[in-house]
1. Treating only the Cβ of Lys, Arg, Asp and Glu as charged (+1, +1, -1, -1), what charge dipole size does the chain show about its Cα centre? Round to the nearest 20 debye.
2. Taking only complete DSSP H runs, can you tell me which helices of the chain stretch 18 Å or more along their own long axis by Cα positions and average at least -0.5 on the Kyte-Doolittle scale?
3. Rank these residues by their accessible area, most exposed first, probe 1.4 Å: Arg52, Arg12.
Amino acid sequence: MQDAEFEALYTRYYHAVYAYLVSLCRDEHLAAELTQETFFKALKAIDKFDGRCPVNVWLCRIAKMR
């Protein structure tokens, strides 16, 4: 995946992942940190994404594994 493609993915899904994490941990600062970690892990695992679920679902699964 090209940097620009990942940046577009980040831009498109950041708020959804962040909102999901805020709903789980009820702490905006912690949710922001966890969102960054989620996208870092997603970047490392992008080759494993098989498209069987929507991207936002895949990202939230990664986020929930924290």
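1. Working: 9 positive and 9 negative charges, 71 e Å.
Dipole of the chain, to the nearest 20 debye: 340 debye.
2. Values: long enough: 3-25 (30 Å, 0.27); 28-45 (25 Å, -0.12).
Helices meeting the span and hydropathy rule in the chain are 3-25, 28-45.
3. Ranked list, largest accessible area first: Arg52, Arg12.
The values are calculated or read from the model by the stated rules, or taken from the named source; none is laboratory data. Since the model is a prediction, treat every value here as computed from it, not as a measurement. FYI the Cβ positions are ideal-geometry reconstructions off the backbone, even for glycines, and counts take in every protein chain you see. Just so you know, the surface numbers come from the protein's heavy atoms only, side chains and all, with ligands and any DNA or RNA stripped out. Shrake-Rupley method; radii C 1.70, N 1.55, O 1.52, S 1.80 Å.
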